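Each remark here refers to the structure printed beneath this line.
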Amino acid sequence: MATNIILLGPPGAGKGTQARRLIEERGLVQLSTGDMLREARSSGTEMGQRVAKVMDRGELVTDEIVIGLIKEKLEQGGKGFIFDGFPRTLAQADALEDLMKEEGQEIGAVIEMRVDDAALVSRISGRFTCGNCGEVYHDVTKPTKVEGSCDVCGSTDLRRRADDNEESLKTRLMEYYKKTSPLIGYYYAKGNLHPVDGLAEIDAVAGAVAAVLDEGKA
Ligand code: AMP
């Protein structure tokens with residue numbers, strides 16, 4: 001059975017960063033609904049235009065849309081998925097369970113990345129990414145070695161997200177606590193929740209995630 005895992009945590013918890021490590025180190029496939037929605041926006045699809053304002057405000061887009069995106073990806077086949085930013089509501093979690101069953105797969109581990117709110121504000125407000133390879137940086141904690149160019153691929157296309165500002169972060173956090181945090185109890189009750197300290201150094205977090213996966217729990 002392939003390893004399928006969920007990275008669960010508030011915006012800025014480091015889900016994307018850890019997902020990139022898991023892709024590199026374990027060949028897993030990242031399914032980030034945030035990335036899929038941003039792609040839909042930039043390619044100007046009708047759906048992308050519809051969700052743009054919702055995303056910029058920091059609100060969740062409808063379950064129907066994100067479940068549809070995930071369903072499409074799962075139907076394309078593959079193995080070893082990292083669900084990053086999905087599910088974000090109980091309805092999405094139920095839908096994911098049904099979709100996995102249909103594909104004869106299951107979720108091995110749900111990694112809960114724990115961080116405190118004060119850290120999230122500074123993490124989010126300093127965040128930027130490489131538009132070419134997706135490497136994630138931070139003004140203070142992880143600047144590029146050469147200003148204005150990506151350490152990994154050399155691209156100068158460094159971007160800040162439209163929703164990475166204090167105003168929409170407030171809404172994103174509220175959405176997280178109201179709609180997503182109940183998933184912690186949901187997966188705890190299912191027996192596959194594994195909390196890790198998301199405030200530790202990136203390598204230490206990666207080590208904690210690896211320990212969960214290598215314990216045969218995933
Ligand atoms: P992210 O990149 O995961 O921080 O997502 C960016 C934005 O995309 C969120 O603030 C939401 O507006 C939207 N989004 C991403 N994933 C979901 C989801 N699973 N459910 C609803 N909205 C989502």
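Quick rundown of the values:
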item	result
Two-decimal Rg/Rh across the stretch 31-91, once Rg and the Kirkwood Rh are taken from alpha-carbon atoms	0.96
Among beta bridges that DSSP assigns inside the stretch 87-218, antiparallel share in %, nearest 5	60 percent
Per principal axis, descending, Cα span of the stretch 115-218 in whole Å	46, 35, 22
For the stretch 1-67, the Rg and Dmax computed from alpha carbons only, in angstrom	13.6, 39
DSSP-loop trypsin sites (Lys or Arg not before Pro) across the stretch 17-126, with at most 15 other Cβ within 10 angstrom	79
Long-range HN-HN contacts of residue 82 with modeled amide H, under 5 Å	5, 29, 30, 31
For the chain: Kirkwood Rh in Å [reciprocal of mean 1/r, alpha carbons]	17.8 Å
Sites matching GluC sites (Glu not before Pro) across the stretch 138-218 that sit in DSSP coil, with at most 13 neighbouring C-beta atoms within 10 Å	147, 201
Amide H partners (placed H, <5 Å) of residue 144, local residues excluded	none
The chain, accessible surface, carbon-and-sulfur percent (1.4 angstrom probe)	50 percent
Over 31 Å (Cα to Cα) - which of 79/179; 73/179; 71/142; 53/101; 145/179; 142/190 fall in this group	71/142; 53/101; 145/179; 142/190
Whole-Hz couplings from phi, Karplus 6.51/-1.76/1.60, listed for the stretch 185-200; x for Gly and Pro	x, 4, 6, 4, 5, 6, x, 10, 8, 10, x, 10, 7, x, 8, 5
Cα-projected label distance for residue 214 with residue 156, points at 7 Å along beta-carbon direction, nm	4.2 nm
Solvent-accessible area of residue 171 with every protein chain in place, 1.4 Å probe, in Å² to the nearest 10	50 Å²
Average accessible area per residue (Å²) across the stretch 2-157 - probe 1.4 Å, nucleic acids and ligands excluded	48 Å²
For residue 128, residues with placed amide H under 5 Å, excluding near neighbours	137, 138, 139
3J(HN,Hα) from dihedral phi, the stretch 144-159, Karplus parametrisation 6.51/-1.76/1.60, rounded to Hz, x for glycine, proline	6, 5, 10, 4, x, 9, 5, 4, 7, 10, x, 5, 9, 7, 9, 10
Label-point separation, residue 189 to residue 99 (7 Å along Cα→Cβ), nm	2.2 nm
Separation between Cα centres of the stretch 69-111 and the stretch 143-172, rounded to whole Å	28 Å
Contact order normalised by residue count of the chain, Cα under 8 Å, 6+ apart, percent	30 percent
Mean residue ellipticity (222 nm) of the chain, computed from DSSP H runs ≥ 4 via -39,500 (n - 2.57), nearest 500	-13500 deg cm²/dmol
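The values are calculated or read from the model by the stated rules, or taken from the named source; none is laboratory data. On a predicted model such as this, the values are computed, not experimentally measured, just so you know. No Cβ is skipped: glycine too gets one built from the backbone with ideal geometry, and neighbour counts run over all protein chains shown. Calculation scope for accessible area: heavy atoms of the full protein, side chains included, ligands and nucleic acids excluded. Shrake-Rupley method; radii C 1.70, N 1.55, O 1.52, S 1.80 Å.
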